[in-house]
Amino acid sequence: MAGAAKSGHQLQLLDFWVSPFGQRCRIALDEKGLPYEYLEQDLANKSELLLRSNPVHKKIPVLLHAGRPVCESLIILHYLDEAFPSSAPLLPAGDAYARAQARFWADYVDKKVYECGTRLWKLKGEPQAQAVAEMLDILRTLDGALGDGREFFGGAAFGLADVALAPFTSWFHAYERFGGFSVEEECPRLAAWAKRCAQRPSVAKNVTPPEKVYDFICGLKKRFGIE
Amino acid sequence: MASSENNAVPPAAAAQPLKLFGSWASSYTHRVQLALRLKGLEFEYAEEDLGSKSEELLRCNPVYKKVPVLVHAGRALPESVVILQYLDDAWPETRPLLPADAFDRATARFWCHFADDKLGPAVGAVFASTGEGQEAAVRQVHENLALIEAELRDGAFKGRRFFGGDEVGLLDVVLGCGSYWLAVFEEVTGVRLVDADAFPLFHAWLRAFEALDEVRDTIPAVDRLLDYARGVRHMLLSAGAAAASAPAAADAPTAARRLTSPSTYDKMAGPAAGQGRPAGDLQ
């Protein structure tokens, strides 16, 4: 593959254009200045390479480093920090507690945001109202974690927790429209944080514009036969 | 590869006491207790009544309100896998839980996530169900175990005594503190989960893990676990019968997970579940 020779580090990313999990990896790679080959995957017709690289889950994203697969976005983020220690770190060196906090919040985003968001746009009636209430709780919790005066979750430096959540800022718009709320009103600190993230080249370049995410979800709803 | 020496807490902080909030039947709590013992770190243990959580716990873990929470140098750390990595970072001079190589670390993390995201809930679903639903859950557990068995046989962990190599590591702690429930659930439900013929390497690993001194000091006595499990099984099946007529949960695995988290066990099993012998007495 000609593409693999492009990058001296031999990094390839198996991904899907709108995936927030894949976008985490793209953001991290750009933040670290690591060149890589992006390989768009057809999830309706999965490639041999994807199935071979992630036989357990058959999911993207998968990072291939000299052909060896690393699966799961947060694991990929850790791997990039550890395999490329001279690149801009996602986890703060020299502070075990700060690292633990970053991991805690990245894990919180993983456990909560996507699953609740999916229920929010997929369901109707009472279960949807429940999902909206839960999403507001999640967003307020994240807003609280930011607190006042902190630029990013870890402080001054854009780090693991920020990368974990940044792609979902595009999904806020869809959650707002389906859920009938405003992130700006409910969680002003989170909204301000989202704007700051959007100004970073790595985020601006890699995160799907909110309207496109909304259209994508509408397309999914049609396909699932949801009104 | 990042040196963990750079991530230590300052020496004064490292010397400060450790306090662990936990629940005697919680495998997540056992993970932390085991890790602390493996690293030779002294700690104070506070048993939580999960049916009536202490103010201190709720203050230390406002987000999840769960155990385990480790408090060190005045700071609270929830989530077992976060805690385990913190221990490696903060005490780099102790035996490491994670391997040194970045790719091996990624592999260990992957299977830890698999244990928590797939295997654990599947086992929980077996425990919470009967009949055809249970049969499907058992098949799921077997599929999951088969994947781990394959890694032991031909894959990432080929030829190893433990997932961590010659000594236990993060994945052993995560998978091991949970796998002891397999035999307990088998006894209580009458269902075969870990057949030594079907999963010989997993079986051998589990026996080796359970024979370690630090593990024996951590895992509660099997008859205590059996009593507890019988009580929870009874509760789950009664609640399940009631829930069957209620609107279906949007997500069955999440419902099963909710039913089988330790805090729910205690809530449903009532005050008796959290009581019993004091924290230090596990036998």
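Read the figures in this text as sums done on the coordinates, not as results from a lab. The structure displayed is predicted, hence computed values, not measured ones. So basically every Cβ, Gly included, is an ideal-geometry build from the backbone, and we count neighbours across all protein chains shown.
Filtering the stretch B:43-67 to residues that are within 13 Å of another protein chain (Cβ to nearest Cβ) and either part of a loop (DSSP other than H, G, I, E, B) or more than 17 Å from A:Phe104 (Cβ to Cβ) (or both) leaves B:Asn61, B:Pro62, B:Val63, B:Tyr64, B:Lys65, B:Lys66. Filtering the stretch A:113-141 to residues that are among the aliphatic types (A, V, I, L, M), crowded, with 17+ Cβ neighbours inside 10 Å and within 14 Å of another protein chain (Cβ to nearest Cβ) leaves A:Val113, A:Leu120, A:Leu123, A:Ala131, A:Val132, A:Met135, A:Ile138, A:Leu139.
Go through the stretch B:77-86 and count every residue that is assigned to a helix (DSSP H, G or I), of a type outside the set (Val, Ile, Thr) and at the interface with another protein chain (Cβ under 9 Å from one of its Cβ atoms).
Matching residues across the stretch B:77-86 total 2.
Before we move on, is A:Gly144 of a type in the set (Gly, Ala, Ser), surrounded by fewer than 22 Cβ atoms within 10 Å (Cβ to Cβ) and in a helix (DSSP H, G or I)? Taking the combined requirement at face value, the residue satisfies it.
Within the stretch B:91-105, restricting attention to residues that are in contact with a Phe, Trp or Tyr (Cβ under 8 Å, 6 or more places away or on another chain) and of a type in the set (A, V, I, L, M, F, W, C), which residue is farthest from the other protein chains (Cβ to nearest Cβ)?
Result: B:Phe103.
For the stretch B:40-88, the tally of residues that are crowded, with 16+ Cβ neighbours inside 10 Å, touching a Lys or Arg at 6+ places or on another chain (Cβ under 6 Å) and not aliphatic (A, V, I, L, M) stands at 2. The residue list A:Tyr108, A:Tyr79, A:Tyr97 contains one member that is out of contact with any helix residue (DSSP H, G or I) (no Cβ under 6 Å at 6 or more places or on another chain), within 10 Å of chain B (Cβ to nearest Cβ) and either within 17 Å of A:Ile27 (Cα to Cα) or without any contact (Cβ under 8 Å) to a residue 12 or more places away in the chain (or both), which is A:Tyr97. Residue pairs whose Cβ atoms lie under 9 Å apart, sitting 6 or more positions apart in sequence or on different chains, and linking a residue in the stretch B:33-62 that is under 15 Å from B:Ser80 (Cα atoms) to a partner that is among the small types (Gly, Ala, Ser) and in a helix (DSSP H, G or I), are B:Leu34/B:Gly176; B:Ala35/B:Ser80. Scanning the stretch A:74-109 for residues that are buried (at least 20 other Cβ atoms within 10 Å of the Cβ) and either at positive phi or in contact with a Cys (Cβ under 6 Å, 6 or more places away or on another chain) (or both) yields a single hit, A:Ile76.
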